[in-house]
Amino acid sequence: MREKELEERQMEMSKIVTALNMQMEKLQNIIQHQQDNTARQEALATSENLDIFQLEEHRTFGIKLVVDAQNQERIINNTKAILARKQQEVKEAHQKVEVLKKLKEKQEKAYYKEFLNAEMKEIDDITSARFKIG
C-alpha cells in the first residue's frame, strides 16, 4: 500500500519534470526568437532603404517577446516550486516505505525468535519427559 503511494508520487513528480522541461524549452525558443528579431531589426536599421514601419513592427514584436519571456520565467518558477513540494512528498513516502520494511523485518525476527524458543521449550519438555519415564 505504501509502495503504491510512493509510485504514485514518483509518477506525479515525473510528470512535473516533463512539464518543466517543456516550459524551459519554450523559454529557449522565445529567447531564440528575441535574438532573431534583434538581428533583423539591426539589419533593417543599417539597410539602404530604411522602413520605419518594419522597424516599429520589430520593436513591438521585441517588446511582446520580452513580456512572453518574463511570463514563461514566472511559470517555470511556479513549476519549480511545485516540483520541490513533490520531491518532499516522494521523500516522505519513501521514508514511510523504509520504516515499514524495517518494522516488518523486526516483526519477522521476533516471530522466528519466538518460534525457535517455543520449539526449544517443546524439545526440552520431550527430553524431560523421557528422563522422568526412564
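Among the residues making up region 71-88, those that are of a type outside the set (S, T, N, Q) and open to solvent by 60 Å² or more (accessible area, probe 1.4 Å) are 73, 74, 75, 80, 82, 85.
Look at residue 121 and say whether it is open to solvent by 70 Å² or more (accessible area, probe 1.4 Å) and touching a residue at least 40 places away in the same chain (Cβ under 8 Å). Let's see the steps before the verdict.
Values: open to solvent by 70 Å² or more (accessible area, probe 1.4 Å): yes; touching a residue at least 40 places away in the same chain (Cβ under 8 Å): no.
So residue 121 does not fit the description; no.
Residues are listed down the side, and each one gets a yes or a no for (1) basic (Lys, Arg); (2) surrounded by 15 or more Cβ atoms within 10 Å (Cβ to Cβ); (3) at positive phi:
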| position | (1), (2), (3) |
| --- | --- |
| 17 | no, no, no |
| 20 | no, yes, no |
| 40 | yes, yes, no |
| 69 | no, yes, no |
| 90 | no, yes, no |
| 95 | no, no, no |
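Of the candidates 41, 35, the single residue that is touching a residue at least 12 places away in the same chain (Cβ under 8 Å) and assigned to a helix (DSSP H, G or I) is 41.
Here is a check on your reading of the model: is residue 4 out of contact with any Lys or Arg (no Cβ under 9 Å at 6 or more places or on another chain), under 22 Å from residue 89 (Cβ atoms) and in a helix (DSSP H, G or I)? Yes, satisfied. Would a scan of region 65-73 turn up a residue that is closer than 30 Å to residue 5 by Cα, of a type outside the set (Asp, Glu) and free of Cβ contacts under 8 Å to residues at least 60 places away in the same chain? Scanning region 65-73, I find no residue that is closer than 30 Å to residue 5 by Cα, of a type outside the set (Asp, Glu) and free of Cβ contacts under 8 Å to residues at least 60 places away in the same chain, so the answer is no. Of all the listed residues (52, 30), the sole one being among the β-branched types (Val, Ile, Thr) and buried (at least 16 other Cβ atoms within 10 Å of the Cβ) is 30.
Only residues that are aromatic (Phe, Trp, Tyr) and closer than 25 Å to residue 23 by Cβ: list them for region 33-69, please. Talk me through it step by step, then tell me what you get.
If we filter region 33-69 for residues that are aromatic (Phe, Trp, Tyr), which is where we start, we get 53, 61.
Correct list: 61 only.
Could you tell me whether region 89-98 includes any residue that is assigned to a helix (DSSP H, G or I) and farther than 30 Å from residue 16 by Cβ? Steps first, please.
Step one: list which residues in region 89-98 are assigned to a helix (DSSP H, G or I), which gives 89-98.
Subsequent filtering for residues that are farther than 30 Å from residue 16 by Cβ retains none.
Scanning region 89-98 turns up no residue that is assigned to a helix (DSSP H, G or I) and farther than 30 Å from residue 16 by Cβ.
The values are calculated or read from the model by the stated rules, or taken from the named source; none is laboratory data. It should be emphasised that the depicted structure is a prediction, and the values quoted were computed from it without experimental measurement. When we count neighbours, we look across all protein chains shown, and the Cβ atoms used for this are built from the backbone with ideal geometry, even at glycine. Just the protein is used for accessible areas: all its heavy atoms, side chains included, with ligands, DNA and RNA removed. Shrake-Rupley method; radii C 1.70, N 1.55, O 1.52, S 1.80 Å.
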